[in-house]
Amino acid sequence: MKKEPIIELSHVTKIYGEYEKSVIALNDVSLKIFPKEFIAVTGPSGSGKSTLLHCMGLLDRPTEGKIFIEGRDVSRISGKDIAVLRGKKIGFVFQSHNLIPRLTVIENVILPGLIAGRKRVELEKKAIELLREVGIEHRAKHRGAHLSGGEQQRVAIARALINDPIIVLADEPTGALDTESSKEIMDLLEEMNKNRGVTVVFVSHDPEIARYGRRRIELVDGSVTYDGVNR
Amino acid sequence: MSISRSFAWSEIKEHKLIYTVIILVIAFTMASFLLENAYINYMMQVVNETVKNVTADVIITNPDCDVRDLYGTETTMKNAGEIARLIEERFPGYKASVRVTAQATYGVGLANESADGCTLQGIDIHDDVMVESLKKKIVAGRFFRDDDPILRGHTPLYIKINAPGNLPDIVYGAGQRLLREDEPYPVIVGAAAAKVHPSIISVGKELDLYICASARGANYASIRVKIIGLYESGTPTIDAMIWFIPADSLREIKCYGKVKGRSWIIPGIGSFHGFNPIEVDRNMGDAVIVKVPPPSISIDPIGYSEEVKRRIQSIVPDLKVFSWHDLLVYGAGSMQDVVTILLWGSMGVTLLLCGAAIKYVMDSIIIRKMREIGSLKAFGARDRVIFKIFLYQGLFIGSLSGVLGILIAILVMKIVNWYGISMQFIAGTQLKIGFVVNWFTVAISIILPILLSIAAASIPAKKAAMLPPVEALRRGEISL
C-alpha cells in the first residue's frame, strides 16, 4: 500500500518584502515528506533552508501555494487553529536550543504539553522517560541555563518529542555545538527516528552533518535543485 | 497555575527590582488616597455633628445676610414658617425648621473673670431637624423639657434712650435685670466652653447673657440663663461658640410676637414698655434650616450640598441660601479643599507616570524576550496566551499595589490613632485627628491600580501577542 505524505508542499513560494525590495525565499517548491523519513535540507547560506522549515512547521505562511498536513490543507486556516496544530503535530529543535533559562530541565520539556492543555502529572512522567532516552535524566531538576550546549540541545530534543509530534523540524541543530557534541546530537536524532519512528527534517550547511540524512533536499536560490537519496 | 499566570509571575520575580519600585509608588499613592479620603470622611462626620447643628444641609436667610451672619446675626424673617412649609411641600422628604438666632456675651462686668461670646441657636425643642442629633451629643445634664421656663410670661423691658443731636438712639431690653425673681431661661452649652471657662460654665450654673436682640439695629437685652446641659460634637471651636436655647425663649427675648405691654414715654429721654406677656409668633425667625435625605452613594458630599443648594435657591430666588460647606469654608478656610484638589491631582499624575513606567518596562521585556515569545508560539501558544502573560503581570502589579496601599494606610491610621495627633484650635481647644474608612474607597484602592496596570500592560501585551512567530524567533536570534 502506498504511504500517504504527512506533509506536502505544493508550488509553495515565499516572498519577503514588496516591490523592488522583495526577496524570493522559496520559489515554487513542491515536495512530500513521508512518515519515518530522516531528511537533510542543505544549501548555501540564504538559499531558503530555514524558510522552508518555517513553512513546513507552520511558523510562516507561504505567499503562494498550498501546504497539507496529513492531507489537510492548512494554507488558509485561522491563526488560532494553526497554533493548536503546530503545538500538537510538530516538534521544533532550534540552533540555540531556546530553553527558558529560569525553568528547570523537566519544566522546559513539559512546556509544549502544558500549552497543549495536557495534565502536568502525565507530562512529567513522559518527560522523565524522554530525558532518560536522551541521556540527561540526572539533570531533570537543574535549570536550563546551568547545562552545557550539548546537554541543552538534548533537552530541546526531549521537549520536541513531548507531544508525540508527527515530525521534528531541526534548524541547524548542531550550529552552536563543537564537533563531538554535534555528532552526539545527530546520533540521538537518528536514534529517535529509528526507535520512535518520528520523522525528522533537519537543516544544515555542514556536509558532515548533512550526511546523516537518508534523503537530502538541496535548495539553491529558493528552488529545489536536488531531492533524493543522500549519497 | 496556567502557563500565562506562571510566566507572568516569573517575569515579575525576574524584574523584581523595577517592579517593586513601581508597586511601592502606586501603593504609597493609593495609601495617600485612602488616608486623605478617610480623613475627609472623618472631617465630614465632624462637620455633620457640628457645623450642621447651625446650618443642617442648607440654611436660608434674608438677602442682606452673608456667611458671617450665620453665626447668629441673621436679620428677621417675618415669614420664616411659611418658607419652611413651602420647602417641605415642594421637596417631599426634605425637612425644614425655623431657627431664631442671636449673638451674646457672657461674663461681662464680672470681677476677675474673662468675658467671651457665643451664638445662641434658638431651636424648636420638639420639631427642629437637628433635635435628635443634639440629644445624642449631650455629655452632661439633659436636653430641654416642656416644664422648663421656656416662656417666662412677660415682655422683657425695653428702654429706648433718645440720643442728643445726630448720635444714634440706644435701645436696651433688660427684662430679667428688673425682675430678678423670674426663673432663668434654660440653655445647653458646648462642653468646650465649659473647659475654657470652668468657673462660669458648668451644669446648674446661672449667668447673665448680654444679647444682641436685633441684627442691624442697636437692640440689646440682658437676660439670665441657667445651664441645664453640656454637649460635645467633635469640633471644640464650634462647641465653644454655639449654645442652644428654646426658639420660643429667644422669640420672647427678641420680641418676635404681639407685644401687649404698656408703653411709657418720658419726654426728652426716651420710652420704655414691657412687664406684660407677649404672644410669640412662630412664623417669625432668623433663618430656615433644611435637612435633606442623603444621596444613595456618598462620593462627593460637597458637590451634593451644592446641588441641594441650587435646588432650594430655585424655590426662594429672593433669599440667600448657604450650604454647610459655605460655613465650613468661612470658618476653617478652603485650604482643605485646595489640598484635596492638589493631592488628587498629584495622585493622578503619579498613577499616569506609573502606568507609563509599566508600559516601558514591559516593552523592554518584550525586546529582550523576543526569542522566548517566538519559542512559545512555536510550541503552540496562541496569541491570547502571550497576551495574557503580560496582562497577568499588570493584574499582579495592580493587586499587589492595591493591597500594599491598604496595608500602609491601615498602618498609618494605627500610628496616628496610637500617638493621638491633634489639631490645635483657638482658645486652647483641640480636635483629635481621626479616620473614617469608606468601603467604597477601599474598593477603589484595589480596583484603580488593577485597572491602571492592566491598561498599561495591554499595549505591550497586544504588541507581543501580534508578533508573527518567525519574526519573534528571528529577532530573538539577532538580539542574542
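The values are calculated or read from the model by the stated rules, or taken from the named source; none is laboratory data. Keep in mind that this is a model prediction, so the values were computed, not measured. We place every Cβ from the backbone using ideal geometry, glycine too, and count neighbours over all the protein chains shown. Protein only, heavy atoms only, side chains kept; ligands, DNA and RNA dropped before computing areas. Shrake-Rupley method; radii C 1.70, N 1.55, O 1.52, S 1.80 Å.
List of remarks:
- Residue order by solvent-accessible surface for A:LYS32, B:LYS463, A:LYS89 is B:LYS463, A:LYS32, A:LYS89, largest first, with ligands and nucleic acids left out and a 1.4 Å probe.
- Each residue was assigned an accessible area with a 1.4 Å probe, and for B:GLU279 the value is about 110 Å².
- Measuring spread by the Cα atoms of region B:337-480 yields a radius of gyration and Dmax of 22.1, 78 Å.
- Spatial separation of Cα centroids for region B:128-155 and region A:94-142, in angstrom: 83 Å
- Counting all C-alpha pairs of the protein assembly as shown, share separated by more than 51 Å (%): 46 percent
- Fully extending the segment from B:ALA455 to B:LYS136, taken as 0.36 nm per residue of separation minus the present Cα-Cα distance, adds 110.0 nm.
- Relative frequency of Cα-Cα separations exceeding 21 Å in chain A, percent: 55 percent
- Extended-chain gain in nm, criterion 0.36 nm per residue less alpha-carbon gap, B:ARG384 and B:VAL339: 11.8 nm
- Amide N proximity, region B:1-18 versus A:ARG102 label position 7 Å along Cα-to-Cβ, cut-off under 15 Å: B:2-18
- Average silhouette area of region B:27-96, convex hull of alpha-carbon atoms, in square nanometres: 6.9 nm²
- Reachable lysines, given that their alpha-carbon falls under 17 Å from the alpha-carbon of A:LYS49 and they are not under 8 places away in the same chain: A:LYS14, A:LYS32
- Estimated inter-spin distance, B:VAL412 and A:GLU70, nm [label 7 Å along Cα→Cβ]: 6.1 nm
- Spin-label model distance (nm) - A:THR63 vs B:ARG90, 7 Å beyond Cα toward Cβ: 7.8 nm
- Helices that extend 27 Å or more along their long axis by alpha-carbon positions and average at least 0.5 on the Kyte-Doolittle scale are, among the DSSP H runs of chain B, B:16-49, B:335-368, B:383-419, B:439-465.
- Taken per residue, the accessible surface of the protein assembly as shown reaches 46 Å², heavy atoms only and a 1.4 Å probe.
- Full-extension gain in nm, B:ILE367 to B:GLN45, via 0.36 nm per residue minus C-alpha separation: 110.7 nm
- When the pairs B:LYS160/B:LYS205; B:LYS78/B:LYS291; B:LYS78/B:LYS136 are compared against a 29 Å limit on Cα-Cα distance, B:LYS160/B:LYS205; B:LYS78/B:LYS136 fall above it.
- Translational diffusion of region B:1-152 was estimated from the Stokes-Einstein equation, with Rh taken as the Kirkwood radius over Cα pairs; at 25 °C and 0.890 mPa s the coefficient is 117 µm²/s.
- The B:ASP127 and B:THR75 beta-carbon pair, evaluated with R₀ = 25 Å, returns a calculated FRET efficiency of approximately 0.60.
- Protection proxy ranking, peptides B:286-294, B:38-46, B:186-194, average beta carbon neighbours within 10 Å, highest first: B:186-194, B:286-294, B:38-46
- Annotation for B:ARG145 and B:GLU307: the two label points, set 7 Å from Cα along the Cα-Cβ direction, are 4.4 nm apart.
- With 23 Å as the limit, the listed pairs A:LYS89/B:LYS377; A:LYS125/B:LYS16; B:LYS52/B:LYS258; B:LYS258/B:LYS320; A:LYS126/B:LYS388 have A:LYS125/B:LYS16; B:LYS52/B:LYS258; B:LYS258/B:LYS320; A:LYS126/B:LYS388 beyond it between alpha carbons.
- Degrees, to the nearest 10: A:105-115 long Cα axis against longest axis of chain A: 50 degrees
- When B:ASP363, B:ASP169, B:ASP127 are compared by accessible surface with a 1.4 Å probe, the order from highest to lowest is B:ASP127, B:ASP169, B:ASP363.
- Once the convex hull of all Cα atoms in chain B is built, its volume per residue stands at 194 Å³.
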